[in-house]
Amino acid sequence: MKQAILSLLLTFTCSLTIAQYGSQFNSAVYLNSSIDYVNCGGADINIGNAFTVEAWIKIPSYPATGKQYTIISKISYAATSFSDFPFSLNISSQGQLFAQFSKGDDYLPEIIVVDPNAIALNTWYHIAVSFQGNMATLYRNGIVVNTNSTPNPFTLSTGTRPFTIGRAAFEINTAAGTTSYIGFIDEVRIWSSVRTQADITANMNAELVGNESGLLGYWDMNRSGQGSGLTVTNKALAAGFFPNGITSGTSTSPIFVNCIGLSPVISASGPVSFCEGGSVTLSSNASSGNIWNTGATTPSIQVTESGNYFVSRSPNTICGSLNSNTVTVNVLPVPAAPVIAANGPATFCIGDSVVLQADQANGVLWSNGQTGQSITANSAGTYTATYTNMQGCTSPPSNAVTITVLSNTYYADSDGDGYGDPASTVQNCNVPVGYVTNNSDCNDNNNQVYPGAVEYLNGVDDNCDGLVDNNAICRGGGMIFQKSLGGSADDDVASVVATTDGGFAMAGTTSSRNGFFTSTGANTRPDGWFAKLNKDGIVEWQRILTSFTGVADMKLCADGGFILAGKRRTLDFFYHDDIQLIKLSATGVIQWSRVIDLSVDHFDEESKKIIQTNDGGFLLHALSTGGQLLIKLSSTGFIQWSRYFNINADFVSTADNGFMVVSTGYIPGCRPGATNISYDIILTKLAFNGDVQWQKCFGGNGNESAASIIQTSDGQFLIAGISTTVSGDVTSNAGGQDVWLIKVDGSGNLVWQQSYGGSQTDIPVSITTSADNGFVIACSSSSNNGLLTQNQGGFDYWAFKVNSTGNLQWQRSLGGSGVDYAKSIATLNDGNYIIAGFTNSTNGDIGQSYGSKDVWLAKLMDISPQTFYADADQDGYGDANTTQLACEKPAGYVSNNGDCDDTRNTVYPGAPEICGNGIDDNCNGQTDEFIPTPALTSISGPVNVCPFVNTSLTATYSVSLLSNAINYVWQVPAYVNIVSGQGTNVVTLSFDAGFNGSANKVISVYAVTACDVSNTVQLTLASQLPGTAAAITASSTDVCASIGNNSMITYSIPKLAGAASYIWTAQAGTTTITHPAGLGINDTIIQVQFSSGFTTSNITVQAINDCGSGSVRSLTVTRNNPATPGPITGPTNACLYMGPSSALAIYFVTASPNISSYQWSLPVGVTDVTGLGTNRISLRYTADFAGGNISVMASNGCGSSGIRSLVISKLAPATPSVIDVIQESDCPARVYTYHLSGMPANAQGVYWSVPPGSIILSGQGTPRLKV
């Protein structure tokens, strides 16, 4: 084992970080002879099996060959004893540190740990060694240099010697090879713990306080003097451990000396790293005795070259020659000049720029003060750059680049309408962003105002022609109503058509099963739907068409019915789509239905468009596996011919029974200048049999596409499509996709074309005609500029109207913040327009939302500039001399101008002509002409005046107000007084006591005008007693239930004419009456609360008024105490119902009215009871049931009845009677019938047994058996 330990004395190399012996330390002890050491005492102290020892050392020479220096030890010094050998820290003759640890059983240590590298002479080192159980770790300058261990822990020898610093081990025994330490020692520390590398490095360069945790001994050597007997204080504050140390040696050694403070120190006048051409001055802090490593002996030297510089001096013979700190000077080379270049032309327009870039990525400084590898140069001048490298050295200037800037004048286009403000200019040679080349905008803050803009009637010069509202149009069609139709799923519309009754019809597809759509189809697929609405958008009828899984188009037929085209989902060998057609009558009755499967392979097919042809048949556009087809159908939907045709837009019938088809594509040579990289709108004329007669193409260099076509009233055709360019046939474009209208004659020659829209996407979907031969186009748009004045988000409906030559008359956007997509438009009989599509918006113009996608329709009307007339007197008639041109009626104006005096609101056409006032009241050009007085109508007021006779009350009577009446004459009989109102159409009367007995009870009135007297109207009054009230009705006749649950019963009568109030009575002491309608004339309803003491009595009512009382009406209210229930019905023998798996026995009594519950009493041995509280119960008997009674009594709020009982027995069946026999047939198959006189008493069945060889044919279990 020890041999193995000794074998660890091997050398190896490692890299160490050199610590710096701190200048903060003061004195160190210098041991200079073989007898110099410091005795630290503690011979009786056992430092245990976990400790750390530290010190700073410096030696001038290594031990002699075969010898070693002992730095710190606790070890025997006897000549022959090896027993006291716990620990020592040493230096070998090769300069290697090593420590050894022993348990003292022989002369060999258990562990030796060796530093593989030698320490340098005359160099300070921090050394440390830690030990714990079986592991020793050696440190140099805070770095682990080696570790060693034994397999098993051991206990160090306690030793009998003190700890010593610098004393040789085995100094008497020369064979031991030890010698005393020669050199410096400082900061000796002993710890009672194993310190980690982090612990050691944390404070090895600093003096300690002495109170650090685990510090047992601390000798900092901070004192002066020399020789033996000097005290070295232990500054560790832990009590009971090491005492102060005592020096041992000669009279002149050991010596305490501070060499650190005598070493020279170099300072630099500036940075020691600098660029070529620079220098730094290094100075020693000593004024004399300096020897620089350059050979200089002056206190300072000037350095211009790279290298390591230090200075030495010898302050005394003990410290010897002391080196200063080493200063490393690094002279950095100056980098080469960078090369700069422009990455584009160095001559450019003002506002443009060019990037100048250097060949260095970092440290570039440009002549204009900017930094970075590249800069953007936008001004004229000569540019250079220098490069400063990472060491701070700057190069000479780079090559020069000269920039030349050119410029033109451009005008600000702040509103983005393409026209510039002449007052806001910029110089550039290319058009800057936000600028244009023209300066003709008259308002650069409004993108709706520019030369050539639509002139709206808005008080603004929209088109910059210098005239406000010149030939202006209105901004938008007026919305009459809007309406959403839908359910919680997706709903869409395909087409809307006007109907002959003034309303309209729509058809589409729905996936909803609620809301407006109540389909009975499969929940997993969409259905078709059709709805008929009146002109106000009220649904008259609708139907779901489950034959469809999608409706693509719907048209009105000549017979007033409708043709619908779409698709249906079909399952043959697998699911696929077929063409589905349905013809509806005008009332929605299916007249015929056709499914068309064009492919034998059952591929998907569907309808796209359909029209009715001149012969009453139909032309269908369909998609099939072979491509797109036109299919001619008969009037009942049978195929007459079909043609493959690349149509993806629309078609109409022509007067010669042919067809005009509009589509999108490219036909070589069709349009001059067209190429196959763009699409044109293609117009094709087909004969009645589908043959192509001619084709015309329209377009430009972009992609133009067709959407819709109609025939105009002049026999020509209007095509709506999309344009994306300004070239070829297209002369304008507002940006993005515009609506492009093309008017052609019957031969396809272009009559006019015009683009409409904004800068985004504007898509036409449908065209309709107007009553004035103009056109309204339904579109979907995402633009909010150009012709469009708003967009509420996403796609909106956009409708605009043009006249017959394409001039815009109005436009309007409709929608919300979501997607609102128009699909179809139609002109109704009232001249207004219905537009339909779908929406997923929930705001804006959309009034209601049902689900994710709803059908949305809006009705619009034409709005054009109109002259309105001031109506200052607000009589509804305007002044022809005060006018205002507007799109909608301004406040204070009307549309007529017939008022002849707008200062009097009594003067207007049709006003009553007042005789004698000298005014033409009715504006007919005549003054005070005779006009007969209108007739008075009947007198209004109370007829029965009993409440007012001989009282302080008054009655009010009135007749209609005549506009030209100047007086009203009222006439009343005796005992009647006119209190107020004579001369007006309303009079107040009082009545004296004698009125009841007088014969004349008639009042009358007539009106007087300036020119005439009206007719006289009369009213005959009455004063009579109230009659007898009608029969009293009750909310319930069950008084007992009311008593039982403390509820009220309501009694009421109809209101009686002439009655002023009512007197109700009920049995005193047992009833409480409340009047929910209050007392008086409305007291025709009472609520009665009955107490338990109530007996049969009457409810009465009597009507009264000021003339007296009517007769009494009575209703008898009966208290129905419960009667004893009738006989109990049910089995009296329990045998059949005993046991948990037996049948239930059912017992009941006949239910009686007015009974709230039944109380049943049951014998012992009853289980599984249900129905308690009712008149019918069910139960079973347990196996040990012996008999007993079942009883029941009835109860309600009035009490309980007598008890009804039924005796239940457990009865065994009686012995069967004598068996009679009858032979019914003879051999070979004789049959006998055996029977009893009846079923034995208490028996439910009879079990028969027969002798061997017999067969029971029937009757087992009954009294009659056939064998």
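Subtract the Cα-Cα distance of residue 1214 and residue 1095 from 0.36 nm times their separation in residues, and report this length gain in nm to one decimal.
Extra length from residue 1214 to residue 1095 when fully extended: 37.4 nm.
Once you have a ≥ b ≥ c as the square roots of the Cα gyration tensor eigenvalues for the range 834-955, tell me rounded if a/c is under 1.5, and otherwise prolate or oblate according to whether a/b is larger than b/c.
Oblate.
If you average the sequence gap of Cα pairs under 8 Å that are 6 or more apart and divide by the length of the chain, what percent do you get for the contact order?
After rounding, I find 4 percent.
Give the shape of the range 340-406 as rounded, prolate or oblate, defined through the alpha-carbon gyration tensor: a ≥ b ≥ c are the square roots of its eigenvalues, a/c under 1.5 means rounded, and otherwise the shape is prolate if a/b is larger than b/c and oblate if not.
prolate
If R₀ is 56 angstrom, what is the calculated FRET efficiency for the pair residue 231 and residue 281, using the beta carbon separation as r and rounding to 0.05?
0.75
Calculate for the chain the 222 nm mean residue ellipticity that helices alone would give, adding -39,500 (n - 2.57) per DSSP H run of length 4 or more and normalising by residue count, nearest 500 deg cm²/dmol.
-500 deg cm²/dmol
When DSSP beta bridges are limited to those with both residues in the range 264-332, what percentage is antiparallel, rounded to the nearest 5?
Antiparallel bridges: around 80 percent, rounded to the nearest 5.
Quick check: residue separation of residue 866 and residue 212 times 0.36 nm, minus the Cα distance between them. What number comes out in nm?
Extending this stretch completely gives an extra 225.0 nm.
Which pairs in the list 483/632; 74/235; 103/235; 632/859 are over 31 Å apart, alpha-carbon to alpha-carbon?
Cα-Cα > 31 Å for 483/632; 632/859; rest within.
When DSSP beta bridges are limited to those with both residues in the chain, what percentage is antiparallel, rounded to the nearest 5?
95
As I understand it, the dipole of the chain uses +1 on the Cβ of Lys and Arg and -1 on the Cβ of Asp and Glu, about the Cα centre. Which of 1166, 360, 1045 lies farthest toward its positive end?
My answer, from the dipole projection, is 1166.
Test of understanding: what is the full-extension gain from residue 1244 to residue 1143, defined as 0.36 nm times their sequence separation minus their Cα-Cα distance?
Gain in length upon complete extension: 35.1 nm.
Any chance you could count the Lys pairs in the range 493-628 whose alpha carbons are under 12 Å apart, treating pairs 8 or more apart or on different chains as valid?
Lysine pairs meeting both conditions in the range 493-628 amount to 4.
At what distance in nm do the modelled label points of residue 1114 and residue 306 sit from each other, each positioned 7 Å from its Cα along Cα→Cβ?
13.8
Once label points are set 7 Å from the Cα along Cα→Cβ at both residue 123 and residue 713, what is their separation, rounded to one decimal in nm?
11.4
Given a Förster distance of 30 Å, report the FRET efficiency between residue 252 and residue 323 from their Cβ-Cβ distance, rounded to the nearest 0.05.
0.70
Tell me, what is the percent relative contact order of the range 270-374, built from C-alpha pairs under 8 Å that lie six or more residues apart?
20 percent.
List the lysines whose Cα lies under 16 Å from the Cα of residue 743, skipping any in the same chain that are fewer than 8 positions away.
Once the sequence-local lysines are set aside, what remains near residue 743 is 685, 696, 801.
For the pair residue 586 and residue 752, what calculated FRET efficiency results from E = 1/(1 + (r/R0)^6), where r is the Cβ-Cβ distance and R0 = 35 Å, to the nearest 0.05?
My answer for the efficiency is 0.40.
Values in this text are rule-based calculations from the coordinates and carry no lab data. This one's a predicted model, so the numbers in the text were calculated from it and none came from an experiment. Every residue, glycine as well, gets a Cβ built from its backbone with ideal geometry; the counts of neighbours run over all protein chains shown.
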